[in-house]
Structures are given as C-alpha cells and as structure tokens.
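Shown below is the structure under consideration.
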Amino acid sequence: MRRAVLVHLNGIPASGKSTLAAAWVERHAAALPVALDIDVLRGMLGGWREQLRPAGLAARAMATAAMRAHLRAGRDVIVPQYVRADGFVDELAALAHDEGAAFVECAVRADAAAADRRFAARAVSGPTVHGDLGGDLMVDVLADLEAFLATRVRLTWLGGLDDATAVALNELDAAVAAAR
C-alpha cells in the first residue's frame, strides 16, 4: 500500500503556493489528493476581517481535522501556507507522524518584486488575510521568511513560478517520492 504524504508548501504571500498546490493535486487527481488552503477557510468565516487571529486559529483547527481525516483514508494533503515560525510546521510534521504519513516541507523560491506585483493585483479585488504587505514591505517579508527557512533542516526548495510551473511540479514530485 502506498504511504500517504502531508506536504507543507511555504513561501511569501503571492509567491504562487496556492497555484502550485492546485496544479500538483490536479496532476495526481486519480489518487484524490487535496490542497487545503487555510487562508480560504479563514475567508469563509464570518467576521474574519475584524478578528484575524481568532479566525486564523479556527481555520487551522478546521484544516487540521480535515487533514487528519484525509491522511487516515490514505490520501495525500498539500498545505500552501506562509509560515515563519516553527510551531505550525512542527504541528504538521507531528500530525503526519501520528497518521503514519510522510511529511515533506517545501518552499517556493520567490522574487519580491514579482510577488509584490501579484499581491497588488490580488489586493485590488478586496482585503487579503495578509493585510498590507505590498511595496517595500514585501522585500522585508521575503528576508524574514528566508531567515526562518534557513533554520529548517529538511526543507526542499522549489523553483518559483516565475521560472516555470512544470519545473516546480517536477521538483515537488521528486521530494514526495523521496519521502514515501
């Protein structure tokens, strides 16, 4: 029997995490994997804009329950989530371990200027869960994330979507295959 995998896909806002996760689950659609986007869940909660932190915690709790159920069924889960502290990533690793699944930690390489352009275009359509990160702040966000990711021992870097989605997908597939 094939071992399920839980993938955490990190990267700065607007780096292409959700796009890559969606492409990956589509590539492996026959196995019914799921891309669980916690920011989408948060946006489904009433009052999330006024209560960002509580809404984020509620969305994580819902996502964790869904991840557990999907992994328990032997299916893969990919979580595109910007994270810059050990806590949640370690929780994901523990969840995978508890369910007998492999854990893969990846990050999407990003160019701050390109991410800023995508972030600005996204912000035009309404409020985002990341508030106002555009402009010069995106450079700082990228530097902070890269400093955090440098501490992660088992991290696999993936080519950014500015390079080519197919390249990043192949790198993700290789990281998953190595972990199974």
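On a 0 to 90° scale, report how tilted helix 17-27 is relative to the longest principal axis of the chain, with both axes built from alpha carbons and the result rounded to the nearest 10.
Value to nearest ten degrees: 30.
In addition: If you work out semi-axes √(5λ) of the Cα gyration tensor in Å from the coordinates, which of (1) 25, 20, 15; (2) 22, 19, 17; (3) 29, 19, 14 do you get?
For semi-axes √(5λ) of the Cα gyration tensor in Å, the calculated option is (1).
Radius of gyration and Dmax for the stretch 31-94's Cα atoms, expressed in Å?
Using the Cα atoms of the stretch 31-94, the pair Rg, Dmax is 12.2, 38 Å.
Measure nothing fancy, just the Cα-based angle from helix 165-179's long axis to the longest principal axis of the chain, in degrees from 0 to 90, nearest 10.
On a 0 to 90 degree scale, this one is about 40.
Now for a different question. I'd like the orientation of helix 136-149 relative to the chain: the angle between its Cα long axis and the longest Cα principal axis, in ° from 0 to 90, rounded to 10.
Relative to the chain, helix 136-149 is tipped by roughly 30 degrees.
Given a cut-off of under 8 Å on Cα pairs at least six residues apart, what relative contact order in percent is computed for the chain?
35
In addition: What part of the accessible area of the chain, given as a whole %, is carbon or sulfur when the probe is 1.4 angstrom?
55
Show me the ranking of peptides 32-45, 56-69 by mean Cβ neighbours inside 10 Å, starting with the highest.
Listed from highest to lowest mean packing, they are 32-45, 56-69.
Which value at 222 nm does the chain reach when only helices count, each DSSP H run of 4 or more adding -39,500 (n - 2.57), with the total divided by all residues and rounded to the nearest 500 deg cm²/dmol?
Helices in the chain give a 222 nm mean residue ellipticity of -16500 deg cm²/dmol.
The values are calculated or read from the model by the stated rules, or taken from the named source; none is laboratory data. None of the values given here were measured: they were computed from a predicted structure. Note: ideal-geometry Cβ built from the backbone for every residue, glycine included; neighbour counts use all protein chains shown. For the accessible areas, the whole protein counts, side chains as well, though only heavy atoms, and no ligand, DNA or RNA atoms are used. Shrake-Rupley method; radii C 1.70, N 1.55, O 1.52, S 1.80 Å.
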